[in-house]
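One structure is given here, and the rest of the page talks about it.
The values are calculated or read from the model by the stated rules, or taken from the named source; none is laboratory data. Not measured: the values here are computed from a predicted model. Ideal geometry is used to build each Cβ from the backbone, glycine not excepted, and the neighbour counts take in all protein chains shown.
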Amino acid sequence: MTESFPYQSELPPSRGSRRRQATRWVPLLLGLVLGFLLYRQLFGPGSHARTPRPVTPRGDLAQDEKSTIELFQKSSPSVVFITTLRIERSLASPSVIAEGTGSGFIWDTAGHVVTNYHVIAGLKNVGTVAQVTLSDRKSYDAEVVGIAPKYDLALLKIPVVPGVPLQPLPIGTSADLLVGQKVFAIGDPFGLDQTLTTGIVSALGRTIQGVGNRAIEDAIQTDAAINPGNSGGPLLDSAGRLIGINTAIFSPSGGNAGIGFAVPVDTVNRIIPQLITHRKVIRPYTGMQFIDSVSELITQQMGVTGALVIGVEPNSPAATAGLRGTRRLASGQISPGDVVVEADGRPVNVADEIDAVVERHEAGDVLKLKILRDGKGQNVQLKLDPPRE
């Protein structure tokens, strides 16, 4: 007997069928991969760092900020950048080398520019010229009108060009300054033009050493940053008035150390008109003669401090007041003259300090002196004469 079993085919599917099945899975896999990447981008680690944060409105500026901004915008066009250039001649072609830089400011519409003497001191060297760059970045060759090294002041002049406005700074006074009031310094520290720094008046009446160790009296001390390059720039009060010229810093390293000094504007306003008119400082005539080196030697031997009168010119205010000069006796010994220890109530150590007091006067004024004669103090008054050439 024969049994029969149902037949079932075991043949594998064809290649075309397998390819069609795999193709159906590709879009699904791609969708899963893209979805995963999008999720990591939006919600994964670091996703917030790549998304800009919304800007928070700041509101209106504070009133003191507005005042500072307005002061700078009004004053900065008056501030200039000064470069001293040395021209070296060669067979090939002349080359220009920067000697020094500093700041300055427009004094008047005639083109006068005020700066520190030490900024342009290199101009005494042959082949050195000064260049003034205005706030519009245009540069002009400058003429040196006059200098006052004792006060670290110098006056330059640039040509007046039609269509180029020259904006002088308003002048204030240093007589009523108070410690603690705000001050603003504008200049070009390290060649970075139109830089504003702020601070306060830290102290008044300072005596600082200027060019050649000359004493500059009544200097303004400030904590507004004063660095190399903004010497000669203006120090302003909160009304935008000129109250001083930035001139020096106290720093072991030469950088700003929190203590800066400025020549007071009352000194500037007295000296600059003289430089414009006479090209030098003019002081009333006293007739007293001094030699600092001799004075220092003899006053040390005498054990006193002051300025020794070396000579008295005939028919001078000093002669009329009866002042005595130093004499050599027949025996060869030196007979010291009068020693001036005070001028208008100010202590005197060297003759320059007498000159500084005299320069505050005009011809016809009375100069009050306290002298030592033969070890005894006396008060003397000199009626000052006009300057003598």
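Taking the stretch 345-368 as the range and being assigned to a loop (DSSP other than H, G, I, E, B), more than 28 Å from the chain's Cα centre (by Cα) and either under 16 Å from Ser295 (Cα atoms) or of a type in the set (A, V, I, L, M) (or both) as the test, the residues that pass are Val348, Asn349, Ala363. Is it fair to say Ile371 is crowded, with 18+ Cβ neighbours inside 10 Å, within 39 Å of the chain's Cα centre (by Cα) and in a strand (DSSP E or B)? Yes, satisfied. Taking the stretch 241-280 on its own, how many of its residues are modelled with pLDDT under 95 and part of a loop (DSSP other than H, G, I, E, B)? Within the stretch 241-280, residues that are modelled with pLDDT under 95 and part of a loop (DSSP other than H, G, I, E, B) number 12.
Taking the stretch 130-172 as the range and being assigned to a loop (DSSP other than H, G, I, E, B) and over 16 Å from Val80 (Cα atoms) as the test, the residues that pass are Asp152, Pro162, Gly163, Gly172. Scoring Val340 on the criteria (1) aliphatic (A, V, I, L, M); (2) touching an Asp or Glu at 6+ places or on another chain (Cβ under 6 Å); (3) modelled with pLDDT of 90 or more leaves a single failure, condition (2). Go through the stretch 190-209 and give me each residue that's closer than 22 Å to Phe81 by Cβ and modelled with pLDDT under 90. Once the filter is applied, which keeps residues that are closer than 22 Å to Phe81 by Cβ and modelled with pLDDT under 90, the stretch 190-209 yields Phe190, Gly191, Leu192, Asp193, Gln194, Thr195.
Against the definition (crowded, with 18+ Cβ neighbours inside 10 Å and not assigned by TED's automatic domain parsing to the domain that holds Ala215), how does Val366 come out, yes or no?
Numbers: crowded, with 18+ Cβ neighbours inside 10 Å: no; not assigned by TED's automatic domain parsing to the domain that holds Ala215: yes.
For Val366, the condition - crowded, with 18+ Cβ neighbours inside 10 Å and not assigned by TED's automatic domain parsing to the domain that holds Ala215 - is not met.
Taking the stretch 318-327, which residues are within 17 Å of Glu342 (Cα to Cα) and outside any loop (DSSP other than H, G, I, E, B)? Scanning the stretch 318-327 gives a single hit, Ala318. Listed conditions (1) at pLDDT 90 or above; (2) among the small types (Gly, Ala, Ser); (3) touching a helix residue (DSSP H, G or I) at 6+ places or on another chain (Cβ under 6 Å) are all met by Ala130, apart from (1). Note on the stretch 107-122: among residues that are among the small types (Gly, Ala, Ser) and in contact (Cβ under 8 Å) with a residue 40 or more places away in the chain, the one that is surrounded by the fewest Cβ atoms within 10 Å (Cβ to Cβ) is Ala110. Among residues belonging to the stretch 318-333 that are within 14 Å of Ile371 (Cβ to Cβ) and touching a residue at least 60 places away in the same chain (Cβ under 8 Å), point out the one that is surrounded by the fewest Cβ atoms within 10 Å (Cβ to Cβ). That would be Ala321.
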